[in-house]
Each structure stands twice: as structure tokens, then as C-alpha cells.
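Here the structure comes first, spelled out in C-alpha cells, and everything after it is commentary.
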Amino acid sequence: MHALNTVTVPVGFQCGTDSGDSSRSRSSKKQDHDKQEEHTLYGVIYDHLNATMYWRTDINHSFQRLRLADMDLKEGSRIVSIHSHDQQLPWFIDAAASFKANKQH
């Protein structure tokens, strides 16, 4: 996870990138817009040991999980897809159930 965060380019103007002219004073509005679009769209982690993929997108930083064992990958099975920016994918994990009562001294 830490390694994934070190290679993520956030949305917006970034100094010191190799994405072209870094001088905003010489660039047009279209070029400015194009430079804002040069950011990390997806972060993906492949767990080869457990045949699992985790991903997050530029608009939803909560990791989503797909275990290949949960998919029907047999020949002739129905072809399915997922829209990575689907609004039904969870935006947060509710931690309320994780709280435990402290032991009284």
C-alpha cells in the first residue's frame, strides 16, 4: 500500500513532471486542462498467491476487491464487466461494529 501511494500523481497542476511544458504562463486553457487530466486514474494491487485483485480509482479511494474464486471463469460462461466508477461501489467502510468495550480496572 505504501509503495502504491508513492507512485500516485494527484489531480491538478504538478511541478517537476515530465508531462510537457511546466510554464503555465505560456500554455493555453486547453493545454492547462490537458495537464490537469494527467494524473493517476487507477491504483491496482494483484495478490497472485490468493488470486485476488484490489483497486481504487481517482474518485473513490476505498479499495475494492475481486477474488477470481468468486467469478465464473469456465469456458462458455457469461461475460460480465464492472464499471470502475460505479456509484454503487462503497465509498467508505463503516467501522462502528469494530469498537469493543474497554475492560474495567
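Scanning segment 56-91 for residues that are open to solvent by 100 Å² or more (accessible area, probe 1.4 Å) and under 13 Å from the mean Cα position of the chain (by Cα) returns His61, Arg65, His83, Trp91. Within segment 69-97, being modelled with pLDDT of 85 or more, farther than 25 Å from Thr8 by Cβ and either in contact with a strand residue (DSSP E or B) (Cβ under 9 Å, 6 or more places away or on another chain) or not basic (Lys, Arg) (or both) holds for Ala69, Asp70, Met71, Asp72, Leu73, Glu75, Gly76, Ser77, Ile79, Val80.
The values are calculated or read from the model by the stated rules, or taken from the named source; none is laboratory data. Here the structure is a predicted model, which means the values were calculated and not measured. Here the Cβ is made from the backbone with ideal geometry for all residues, glycine too, and neighbour counts use every protein chain on show. Accessible surface areas use protein heavy atoms only, side chains included; no ligands, DNA or RNA. Shrake-Rupley method; radii C 1.70, N 1.55, O 1.52, S 1.80 Å.
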